[in-house]
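Colleague: My structure is below; once you've seen it, I'll send some questions.
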Amino acid sequence: MLVASKLQVALDLISFGKAIKVALYAIKGGVDIIEAGTPLLEKYGVDFAIRELRAVSGDLPIVADLKIADAGDISAEIAFSAGADIITVLGVASKETIRKAVNVARKYGGKVAVDLINSMDPRYDIEKAISTGANYIIAHTGLDMQSKGFSALDAISKISESIKPEMLCVAGGININNIDLILEFNPAVIIVGGAITKARDPFKATKELKEKINIFHH
């Protein structure tokens, strides 16, 4: 069964002015989810970043890409109380850490995405995430691995059969030239960073990616 893939923009930026500008262009271009990237959260703080993005994002879901490794309840509380809708927890975190984050998410009506970045045993971490009640699992090729020639396709092709499409998210170097290959795996969420944030025209870049998604699903 096909799920309608959503487009998420990852604002992995260290200029908040640019983050807001890109977010506005992406929203105009039809993006479905706004992500406060890890660098943005680290530089400006979770509370400020989420609240400021909420002011321009309206009802669109906002992800706090915290990549939580421990103290799942404390970190989740900070993000959800600031207005985040989704948080990320590392797949390599303990089951207890993920479970604590999930419990706080439920209290706020939010969701948890488990990020498999740098996972040495993806199948084990997938089972762990599912057993805790996490909502999404992200097949993720990080920037440092992308610089070595790896891509989102490497990550998703290894694990897609272990995850239901409605839970499957994918990130890592996705752009207009490879999104068709990503769509073949029918992920629930396609996460795009640099192809939008570094584009000369972020509105046009978002619109073209969104059109590719819409064409695939019709």
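Colleague: Put +1 on the Cβ of every Lys and Arg and -1 on every Asp and Glu Cβ in segment 6-216; which of T141, V63, M167 then has its Cα farthest towards the positive end of the dipole?
Modeller: Highest projection toward the positive end goes to V63.
Colleague: Amide H of I68: which non-local residues (sequence gap of 5 or more, or other chain) have their own amide H closer than 5 Å, using H built in the peptide plane?
Modeller: Under 5 Å from the amide H of I68: T88, V89, L90.
Colleague: Another question about this same structure. If R₀ is 22 angstrom, what is the calculated FRET efficiency for the pair N118 and I176, using the beta carbon separation as r and rounding to 0.05?
Modeller: 0.25
Colleague: Convert each backbone phi in segment 208-218 into a coupling constant with the Karplus relation 6.51 cos²θ - 1.76 cosθ + 1.60 (shift: θ = phi - 60°), then list the ³J(HN,Hα) values in order as whole Hz, x for Gly and Pro.
Modeller: Karplus-based 3J(HN,Hα) across segment 208-218 equals 5, 5, 5, 5, 4, 5, 5, 5, 4, 8, 10 Hz.
Colleague: Step through the residues of segment 186-195 one at a time and calculate ³J(HN,Hα) from phi using the Karplus curve (6.51 cos²θ - 1.76 cosθ + 1.60, θ = phi - 60°), rounding each to whole Hz and writing x for Gly and Pro.
Modeller: Those phi angles translate into 6, x, 5, 9, 10, 9, 10, x, x, 4 Hz.
Colleague: Something else now. Exposure proxy check: D12, D47, D125 ranked by fewest other beta carbons within 10 Å? Could the numbers behind the result be given before it?
Modeller: Details: D12 19, D47 14, D125 22.
The order, fewest Cβ neighbours first, is D47, D12, D125.
Colleague: Related question: Sort R51, R200 so the one with the fewest other Cβ atoms within 10 Å of its own Cβ comes first. Walk me through the numbers on the way to the answer.
Modeller: Working: R51 14, R200 6.
Taking fewest neighbouring Cβ atoms as first place, the list is R200, R51.
Colleague: Follow-up question, since we're still on this one. Counting Lys and Arg as +1 and Asp and Glu as -1, each charge on the Cβ, what is the dipole of segment 82-203 about the Cα centre in debye, to the nearest 20? Write out the running numbers ahead of the final one.
Modeller: Values: 13 positive and 13 negative charges, 89 e Å.
Taking the Cα centre of segment 82-203 as origin, the dipole is about 420 debye.
Colleague: Rounded to the nearest 20 debye, what is the charge dipole size of the chain about its Cα centre when +1 sits on each Lys and Arg Cβ and -1 on each Asp and Glu Cβ? The partial results should precede the final answer.
Modeller: Details: 25 positive and 26 negative charges, 79 e Å.
The dipole magnitude comes to about 380 debye.
Colleague: A follow-up question, please. Can you tell me the relative contact order of the chain? Whole percent, Cα pairs under 8 Å, sequence separation 6 or more.
Modeller: Numbers: 452 pairs, mean separation 47.7, N = 218.
Relative contact order for the chain comes out at 22 percent.
Colleague: Rg (Å, one decimal) plus Dmax (Å, integer) for the alpha carbons of the chain?
Modeller: My reading of the Cα-based Rg and Dmax gives 15.9, 43 Å.
Colleague: For Y108 and H217 in one chain, what is 0.36 nm times their gap in residues minus the Cα-Cα distance, to one decimal in nm? Working shown, then result.
Modeller: Working: separation 109, 0.36 × 109 = 39.24 nm, distance 3.14 nm.
Result for the pair: 36.1 nm of gain on full extension.
Rule-based calculations on the coordinates, nothing more; no lab input. Predicted model only: the values in this text are computed from it and were never measured. So basically every Cβ, Gly included, is an ideal-geometry build from the backbone, and we count neighbours across all protein chains shown.
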